[in-house]
Amino acid sequence: MVKPEYFLETKRLKSRHRPVKARVKDYCEVALPRPEESLKEQARRCMDCGTSFCNWGCPLGNYIPEWNCAVSNGKFPKAAVLLNTTNNLAEVTGRICPAPCEYSCVLGINDEAVTIRENELEIIENAFSRGLVKPMPPLRRSANKIAVIGSGPAGWAAADELNKFGHQVVVFEKDDKPGGIMRYGIPDFKLNKSILDRRLDILKKEGVEFVTNTEAGKALGFSKIKKEFDAICLAGGSRVPRDLRIEGRDLLGIHFAMDYLVQANKRVAGENFAQGESIDAKGKDVVVIGGGDTGSDCVGTAHRQRAKSVTQIELLPKPPACRSAHSPWPKYPILFKTTSSHEEGGQRKWSIMTKKFVGSGGKVIKLSCVKVDACCKEVAGSGFEIKADLVILALGFLHPEKKGPIQELGLEFDQKGNVKTKADFMSSKKGIFCCGDMRRGQSLVVWAIAEGRKAASCIDTYLR
Ligand SMILES: Cc1cc2nc3c(=O)[nH]c(=O)nc-3n(C[C@H](O)[C@H](O)[C@H](O)COP(=O)(O)OP(=O)(O)OC[C@H]3O[C@@H](n4cnc5c(N)ncnc54)[C@H](O)[C@@H]3O)c2cc1C
Ligand code: SF4
């Protein structure tokens, strides 16, 4: 550490964003990079605690104090080596991780936490710009072949690790391109897709094979996969959406968030999407039901599609601005958050229950709602309506799709409906492993990477 008490002199700097007026006209990333001197200053705020909690908060156990120290001394290549040791996709988490690490930063007890996520991003981008992130194929290859099903962050990280161990890895992906929700859920204004392609190119040069437009269990049967591969790693995500089965649900103009976002992302990428109803917010009164991050991505997308109005409603009460007694430090708290999409406009309302969708000519025209109290009980006489000709349901996800691999392979699932595994990530069937949202339920990219890494290590042990 340059000066352990530096945090007393230097305050946390807020991340810089492009001006709202300009950014809502395009899908380029909202966040601006931090200049090097400012980055070093922010890294110097790290106290290099005797017992650090940030790497406990990070599911990857990133060497945070160590790379902060390297950055504060201008040793960017050293910081990059430390970062790449634990994180296969630092350029992704550096952009979109909600940073549980920062909530367990010791400085956060009575001051503002270190800007860990931003420091991470600048370390990896610095390494890319210096040409330090390059293909490093394994020196020796084993005879083992592993099929990874699904190319989201879990399958991606598992494939990367297994390839590093020297095994032969083929990733099967049912969509047009690899990336899972990173590519088709998260909008470009948070994560430009060239960031994924840059890393994909490295993985391919290192020997990982990606076979897209191939759905395991359909076009490619598991009997064939089992014959050709020594182990299978399932990483198919958890995409069955929670529905709102109330009166009027079948009206036109009501869609699940992922249906809306996949189309929007494919449009931006110039890719084709399945024929059917085109979902576009242009000129519409948009209501997003669900106050979480998926909902927020829909809000930002609707702004860019030039919606007439955007309203996001949530059943639960507005979260507190500070930690409550239920979520003491260093736990990850549920706090009131304003995302970059919220900065761009629209209204947000909490404690709102939708009672029915009202339509005209078969299309939704408004929502009939009531206010609810903290126990979700209706407040008498609080009924009101919200105009809407596009409704997006962003109510979370229940569990993975049961038809397909889970059914064909006859896998057991846990109480929540996710694939059940033992501590070694092996499912109820020998040689078939599972990781990411498919095992854990809808979570975060950083958790998916952590799961993929752990599953890869267990598969390696199994094969040896
Ligand atoms: C809209 C949205 C925004 C999000 N934003 C964030 C965020 O900002 N930060 C964050 O940390 N987390 C975010 N998350 C959560 C995060 O994206 C997920 O937790 C993470 O992507 C899970 O990774 P995964 O690899 O397990 O699954 P997925 O990313 O869902 O990938 C699964 C892949 O498997 C493929 N697949 C499934 N079945 C088959 C089959 N039979 N054959 C071949 N391929 C198959 C799918 O096509 C998909 O590509 C967001 C989630 C959503 C829905
Ligand atoms: S991956 Fe997420 S939790 Fe881990 S150090 Fe980076 S921002 Fe923090």
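Only bridges whose two residues both fall in the chain count here: according to DSSP, what percent of them are antiparallel, nearest 5?
35 percent
For the stretch 254-393, what is the percent of antiparallel DSSP beta bridges, rounded to the nearest 5?
In the stretch 254-393, DSSP labels about 45 percent of beta bridges as antiparallel.
Give me the percent of accessible area attributable to carbon and sulfur for the chain, probe 1.4 angstrom.
Exposed carbon and sulfur together represent 53 percent of the surface.
Roughly what would the spin-label model give for residue 134 and residue 360, points 7 Å off Cα along C-beta, in nm?
6.5 nm
Straight-line reach from residue 205: which aspartates and glutamates have a Cα under 19 Å away, not including same-chain ones fewer than 8 places off?
91, 160, 161, 173, 197
Per-residue HN-Hα couplings for the stretch 28-44, Karplus 6.51 cos²θ - 1.76 cosθ + 1.60 at θ = phi - 60°, whole Hz, x for Gly and Pro?
5, 4, 6, 6, 9, x, 8, x, 4, 5, 5, 5, 4, 4, 5, 5, 5
Skip the ligands, DNA and RNA, and give the accessible area per residue of the chain with a 1.4 Å probe, whole Å².
Solvent-accessible surface per residue comes out at 46 Å².
If contacts are Cα pairs under 8 angstrom and at least 6 residues apart, what is the relative contact order of the chain in percent?
Relative CO of the chain lands at 17 percent.
Any chance you could run the full-extension gain for residue 321 through residue 245? It's 0.36 nm times the residue separation minus the Cα-Cα distance, nm to one decimal.
Value of the extension gain: 24.2 nm.
Where does the chain land on Rg/Rh, using Cα atoms and the Kirkwood Rh?
For the chain, the value is 0.97.
Over the stretch 257-319, what is the relative contact order in percent, taking alpha-carbon pairs closer than 8 angstrom and at least six residues apart?
That works out to 35 percent.
Are there trypsin sites (Lys or Arg not before Pro) in the stretch 256-300 that DSSP marks as loop and that have at most 14 other Cβ atoms within 10 Å, and which are they?
For trypsin sites (Lys or Arg not before Pro) across the stretch 256-300 that sit outside H, G, I, E and B with at most 14 neighbouring Cβ atoms in 10 Å, the list reads 282.
Amide H neighbours of residue 307 under 5 Å, counting only residues 5+ apart in sequence or on other chains, H built in-plane at 1.01 Å?
283
Given 5 Å bins starting at zero, what is the percent of C-alpha pairs of the stretch 58-182 in each, up to the one with the largest pair distance?
Pair shares across the bins are 2, 10, 18, 18, 19, 15, 10, 5, 3, 1, 0.
Checking the cross-link filter: which aspartates and glutamates have an alpha carbon closer than 19 Å to that of residue 355, excluding same-chain neighbours under 8 positions apart?
243, 247, 250, 285, 314, 373, 378, 385, 389
Starting from the Cα gyration tensor of the stretch 292-388, take the square roots of the eigenvalues, sort them a ≥ b ≥ c, and report rounded, prolate or oblate (rounded when a/c is under 1.5, otherwise prolate if a/b is larger than b/c, else oblate).
oblate
Using θ = phi - 60° and the Karplus form 6.51 cos²θ - 1.76 cosθ + 1.60, what ³J(HN,Hα) does each residue of the stretch 379-395 get, whole Hz, x for Gly and Pro?
With coefficients 6.51, -1.76 and 1.60, one gets 8, 4, x, 9, x, 7, 10, 10, 5, 7, 10, 9, 10, 10, 8, 10, 9 Hz.
Take the cross-link list 25/282; 145/454; 78/454 and give me the ones stretching past 20 Å between alpha-carbons.
Among 25/282; 145/454; 78/454, the Cα-Cα distance tops 20 Å for 78/454.
Percent relative contact order of the stretch 313-464, based on C-alpha pairs within less than 8 angstrom and at least six residues apart?
About 13 percent, as a whole number.
Rounded to the nearest 20 Debye, what is the dipole magnitude of the stretch 311-414 about its Cα centre when Lys and Arg each give +1 and Asp and Glu each give -1 at the C-beta?
420 debye
Go through 174/284; 349/387; 177/227; 177/308 and tell me which ones have a Cα-Cα distance over 23 Å in this structure.
174/284; 177/227; 177/308
At 0.36 nm per residue, minus the direct Cα-Cα distance, what do residue 143 and residue 32 gain on full extension? Give it in nm, one decimal, please.
Between residue 143 and residue 32, full extension yields an extra 35.4 nm.
The values are calculated or read from the model by the stated rules, or taken from the named source; none is laboratory data. Only a predicted model underlies this, so the values are computations on that prediction, with no experimental measurement involved. Note that each Cβ is placed from the backbone with ideal geometry, even for glycine, and that neighbours are counted across all protein chains shown. All accessible areas refer to the heavy atoms of the entire protein, side chains included, with ligands and DNA or RNA removed. Shrake-Rupley method; radii C 1.70, N 1.55, O 1.52, S 1.80 Å.
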